[in-house]
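So the structure is just underneath, and the comments pick up after that.
The values are calculated or read from the model by the stated rules, or taken from the named source; none is laboratory data. Computed from a predicted structure; not experimentally measured. With ideal geometry, Cβ positions are generated from the backbone for all residues, glycine too; neighbour counts draw on all protein chains shown.
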Amino acid sequence: MRKFLLKFLLYTFIIAILGYGIIYVSLVIQPEKMLGSSNEYALWKYKKKMINMPFYHKKNVIIGDSRSMTGINPLITGHNLINLSLTGTTAFEGYSTLKQFLVHHQIDTLIVSYGIFHYIESDVLDKWTLPFTLPSIEDVNMLEKLERQYGITINNEKPGYWLYLKRKATYFHVPLLFRSTFIENIKQGSFSTTVMYQLQGMAGFSNVSTEDSCNVTDTEVEMEQKYKKLIINPVIASYIDSIYTLSAKKGIKVIFLIPPINKASYTVLQHTLFFRQYLSFKENLKTSYPEMIIDNKYMYLPNHYFHDSSHLNQRGVIFFSNYIREEMKNY
């Protein structure tokens, strides 16, 4: 019986090692299959490539989340604009993007554009930002330092040893952390070439929307109903300060642009404490950063300008991008 047990343990150990070996090899050979959504991996990889492209005539930049990535088309706005926005990101990823881009380029005007809820929390740090290694390890360490300083993480969690150990393991692709998605990711289909085609041909903009209208309320409404008030994450807020400080040092004009929500969401939010606190947040930014231009003329747009509750459709993109084009003449 003892001999059998030893053999069983040995075989189990060998199988486990082989299993993790297969996962590791897959991570190296096909990271787009193993690290998450194939589409998102391809998108983030291309945006990282854009950061280091020799844009000799591209001197105006957008950083933001998917609302600005799918809502502002540089081919319409003109003004040598490129769109470096990334799905689900906050000012943390924006600061890292800006810092990396400035290593090889100069910027005249920077548009910072995130949805309101991305000043409340991050929803892709562990899912995409770390696995796709957008920030440098120095930026990841600095994030930890700030979170410990404020006593809260960018995900609104309590800082702790195991949390940061897991983050580092995710960043360096330790196979153990990817075992649960191994089979699921293997089953993924190939990524959409449409997204990549748009990114390459439209200076970082991508919008494949097909819906003609959306009257469903968005994430801000969900957060208002859950929390009843707007609580700005202090770590995310500190990265707004970092973006502004770095831009001021480099002589970059900063435009703070909060993208519009749909009319359905505005109707629900307009008389809430959450929305009043948002307006106060915007006014505080004007006081804290007097040289920064706050552009929020369109707090909302009609429902027929939206593909879903958060993102503009083609009609909305044309309208909003043309608005940015005209405004940039005055910035």
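Of all the listed residues (SER247, SER310, SER265), the sole one being in a loop (DSSP other than H, G, I, E, B), under 25 Å from ASN73 (Cα atoms) and small (Gly, Ala, Ser) is SER310. For the range 52-68, the set of residues classified as modelled with pLDDT under 90 and either assigned to a helix (DSSP H, G or I) or hydrophobic (A, V, I, L, M, F, W, C) (or both) consists of MET53, PHE55, listed by residue number.
Just checking, does the range 257-276 include any residue being surrounded by 14 or more Cβ atoms within 10 Å (Cβ to Cβ), modelled with pLDDT of 95 or more and of a type in the set (Gly, Ala, Ser)? For the range 257-276, residues surrounded by 14 or more Cβ atoms within 10 Å (Cβ to Cβ), modelled with pLDDT of 95 or more and of a type in the set (Gly, Ala, Ser): present.
Screening THR89 with (1) surrounded by fewer than 24 Cβ atoms within 10 Å (Cβ to Cβ); (2) touching a His at 6+ places or on another chain (Cβ under 9 Å); (3) β-branched (Val, Ile, Thr) gives one miss only, at (1). Among the residues making up the range 277-290, those that are surrounded by 15 or more Cβ atoms within 10 Å (Cβ to Cβ), assigned to a helix (DSSP H, G or I) and out of contact with any Leu (no Cβ under 8 Å at 6 or more places or on another chain) are LYS282, LEU285.
Among the criteria (1) closer than 16 Å to VAL112 by Cβ; (2) under 15 Å from the mean Cα position of the chain (by Cα); (3) not in a loop (DSSP other than H, G, I, E, B), the one LEU43 does not fulfil is (1). Any residue in the range 139-147 that is of a type in the set (S, T, N, Q), surrounded by fewer than 17 Cβ atoms within 10 Å (Cβ to Cβ) and either modelled with pLDDT under 90 or in contact with a helix residue (DSSP H, G or I) (Cβ under 8 Å, 6 or more places away or on another chain) (or both)? For the range 139-147, residues of a type in the set (S, T, N, Q), surrounded by fewer than 17 Cβ atoms within 10 Å (Cβ to Cβ) and either modelled with pLDDT under 90 or in contact with a helix residue (DSSP H, G or I) (Cβ under 8 Å, 6 or more places away or on another chain) (or both): absent.
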